[in-house]
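Nothing in this text is a laboratory measurement; each read-out follows from the coordinates by a stated rule. Note that this is a predicted model, so its numbers are computed, not measured. Positions of Cβ are generated from backbone atoms using ideal geometry, with glycine treated the same way; all protein chains shown enter the neighbour counts.
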Amino acid sequence: MAEYTSLEKVRLQKIEDLRAEGIETYPTRAERTHTSAQAAAEFEAAEKSAADPTSIPEVKATLAGRIRAMRAMGKLTFAHIEDGAGKIQLFLRVNEIGKERLALFDKMFDIGDFVQATGKMMRTKAGEVTLHVLDFKLLAKAVTPLPADKDVAQEDGSVVRYAAIESPELRARQRYADLAVNPDVRETFRKRATLIKSLRAFLDDHDFLEVETPILQPLYGGAAARPFVTHHNELEQDMYLRISFELYLKRLLVGNMERVYEIGRDFRNEGVSFKHNPEFTQLEFYWAYADYLQVMELTEQMVAYAAEKVAGSTTVKFGEHELDFKPPWKRVEMRVGILEASGIDIAEHKTAEDLFKAIAAKHPKKTPDPKVTRGKMIDFLLGEFLEPTLIQPTFLYNYPRDISPLAKSIPGDPLTVERFEGYAAGFEICNAFTELNDPLDQEQRFIDMQSDYTDDEEEKNPLDEDYLRAMRYGMPPNGGFGMGVDRLAMLLTNKHSIREVLLFPALRKEE
RNA sequence: GGGCGCGUAGCUCAAUGGUAGAGCAUCGGCCUUUUAAGCCGUUGGUUCGGGGUUCGAGCCCCCGCGCGCUCACCA
């Protein structure tokens, strides 16, 4: 049972008092005729049409919104309400409202309450477009005050207070309050919706079919990550929440679906950070008869298209950087990029042992775990030396085979696969390759993975026999692609934590 | 999971180991063009929780909880 603070008790008492007077505190219906923006626009048009200020046609409106500020001055009251379109001022005067009703508004209404006000539009002496209220109605009483104070020290030592919430915990845990108080947060999530819509539109326009594959899976796969495990009672078996869509989407290529994509949630039972949340939104597509170079081109077009829709330009501000997503993006072969960033040529060190010695000789303070595979060491070099330097959108291409069990080798180079990752602002946003479609090779890769990681239970991928069965029916050559949509959302909204672009990021439960 | 930091009124923050405070919000009053209005007055605390040291703990010590930063993990 909730325990009420003294402020809440005051408001609960007001609810009781209002009801005692026959005023409904949570009426079922509202009678809004205009949004704040519509009413203001109509009034401004009326002003323009008038020959002189005394002959402005009357604009009547009933507005609805949440009280954000109140200034009671005895026989006058000013208030601001905020609706989906913005804020607008209300002006109440004893002349029209009467002493009792004005006192009711002043004493019984609070910041945070939803109200409806009917009147005619006017402009105040200060020049603000305002609703001159003739009648009003409570729509919903708020019991808890919005936690909306933020003090900012000014240069002259004074303190200015803004209606805003700053505490990251409070903002994430009570996103409803954050949204109610911080308009820019609503704007971020509007942009996120635009982003997802634009990705869909782009892929639809390129003849990709949107599909939905299981989130609840008897086996997991398609990525190296620990899954969440759950249990189906009637089937009496454990189920996994998917860690990627890959193996299901590629089954669809076996079924003659040539271009498919899915936008949905992936779940990875791993650490959280500024770029990791246990559940995140993934976009994957698979494209028959294409290879990774074609996917690369489509990727830069798609992201540029999305940037244009979300930010209005292919150039976006991200912290101190200006990121330019305009195609073509910079392309760097991974071997060359690592050589330039670390001074080590991975092509000259073809075993894990050799490579480790080379790293230890060159960078004695930055060495990988000596027990890992060559591919993992290369990945270490990439993360340690190269990744932080990739600020402008860049494709890194040609990856080690042993960390890419689902990608096809480069003809004539068995250690390297046709794979690329897209980077921007120093982190990975997407990952793609020419997909392995040889069922015999695929089976061997799965078996190799099992032995490479025998002592690493967490990274062991279960062998998916049904996926191999599907491949044996024949899979067309194809290019596949995966992208962390949340990370792209971060880039396009200039947010530096994934929590800022997730409405309800994962948090420990309270208490 | 490791390291560092933080947790005090509804909110934002103070308080050498010595009576827990300020601003805003609340509540009461004045005020017919305000805009985080203003002025006067008023109320409000399990100092995150539990234990310990001490004559005395918001402060020192231990354990726990939550959050932030960071490292590890994340082909």
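The table below gives the values:
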| read-out | value |
| --- | --- |
| Degrees, to the nearest 10: A:292-311 long Cα axis against longest axis of chain A | 10 |
| Whole-angstrom Cα spans of the range A:464-511 along principal axes, big to small | 50, 33, 12 |
| Average projected area [Cα convex hull, the range A:7-47], square nanometres | 5.0 |
| Peptide ranges A:43-55, A:69-81, A:333-345 listed from the most packed, as the mean C-beta count within 10 angstrom indicates | A:333-345, A:69-81, A:43-55 |
| Listed pairs A:Lys48/A:Lys107; A:Lys125/A:Lys191; A:Lys99/A:Lys120; A:Lys48/A:Lys317 exceeding 26 Å between Cα atoms | A:Lys48/A:Lys107; A:Lys125/A:Lys191; A:Lys48/A:Lys317 |
| Kirkwood Rh and Cα Rg combined as Rg over Rh, evaluated for the range A:6-140 | 0.99 |
| Rounded to 10°, Cα long-axis angle of helix A:36-49 versus longest principal axis of chain A | 60 |
| All Cα pairs of the range A:1-84, percent lying beyond 17 Å | 70 |
| Rg and Dmax [Cα atoms of chain A; Å; Rg one decimal, Dmax integer] | 29.6, 90 |
| Taking all pairs of distinct alpha-carbon atoms in the range A:343-470, Kirkwood radius in angstrom | 15.8 |
| Computed Rg/Rh of the range A:169-288, alpha carbon atoms with Kirkwood Rh | 1.04 |
